[in-house]
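*Asks:* Handing you a structure now.
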Amino acid sequence: VFTGEVKEFDITARNWEFIPDTIEVNLGDKVELHIESIEGTHGFMLSDFGINEMLEPGRDVHVDFVADKKGRFDFACSVPCGSGHGGMVGQLIVK
């Protein structure tokens, strides 16, 4: 249930990182992510919130969800993208 503020973030995906790699919001906030790959095809998977999007170069992908549980939740690239793929991770912190 959306009870907080709307928090917007621009995320850049590149070999082999997300920028920023940490996002912090409050419980009940609506989170709006604008994700763009600038190097190669990547994915954005935040499985705790049922999100798995394909990121193609030059395409702005919009993801919206309500941060309805507290904790630290990992996100990662879900498309094998080369030698650094395993380290292409980040974290959503919901306070």
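*Asks:* Would you check if F44 is assigned to a strand (DSSP E or B) and either modelled with pLDDT under 95 or more than 17 Å from W16 (Cβ to Cβ) (or both)?
*Replies:* No: the conditions fail for F44.
*Asks:* Check off (1) open to solvent by 40 Å² or more (accessible area, probe 1.4 Å); (2) outside any loop (DSSP other than H, G, I, E, B) for L33 and give me the number that stays unchecked.
*Replies:* So the condition that L33 fails would be (1).
*Asks:* Sticking with this structure for a sec: If you scan the stretch 1-21, which residues turn out to be surrounded by fewer than 15 Cβ atoms within 10 Å (Cβ to Cβ) and closer than 17 Å to G43 by Cα?
*Replies:* D10, I19, P20, D21 - these are the residues of the stretch 1-21 that are surrounded by fewer than 15 Cβ atoms within 10 Å (Cβ to Cβ) and closer than 17 Å to G43 by Cα.
*Asks:* Restricting attention to the stretch 1-40, which residues are among the basic types (K, R) and either touching a residue at least 40 places away in the same chain (Cβ under 8 Å) or touching a Lys or Arg at 6+ places or on another chain (Cβ under 8 Å) (or both)?
*Replies:* Matches in the stretch 1-40: K7, K30.
*Asks:* I'd like to know if the stretch 65-87 contains one or more residues that are touching a Gly at 6+ places or on another chain (Cβ under 6 Å) and within 23 Å of F2 (Cα to Cα).
*Replies:* Yes, the conditions are met somewhere in the stretch 65-87.
*Asks:* Now, a different point. Could you tell me which residue of the stretch 36-53 is nearest to the chain's Cα centre (by Cα), considering only residues that are polar (S, T, N, Q) and either open to solvent by less than 70 Å² (accessible area, probe 1.4 Å) or over 24 Å from K70 (Cα atoms) (or both)?
*Replies:* The selected residue is S37.
*Asks:* So which residues in the stretch 54-88 are in a strand (DSSP E or B), under 18 Å from T22 (Cβ atoms) and open to solvent by 70 Å² or more (accessible area, probe 1.4 Å), if there are any at all?
*Replies:* Scanning the stretch 54-88 gives R72, D74.
The values are calculated or read from the model by the stated rules, or taken from the named source; none is laboratory data. Quantities reported herein were computed from a predicted structural model and do not represent experimental measurements. Positions of Cβ are generated from backbone atoms using ideal geometry, with glycine treated the same way; all protein chains shown enter the neighbour counts. These accessible areas exclude ligands, DNA and RNA; they are computed on the full protein's heavy atoms, side chains included. Shrake-Rupley method; radii C 1.70, N 1.55, O 1.52, S 1.80 Å.
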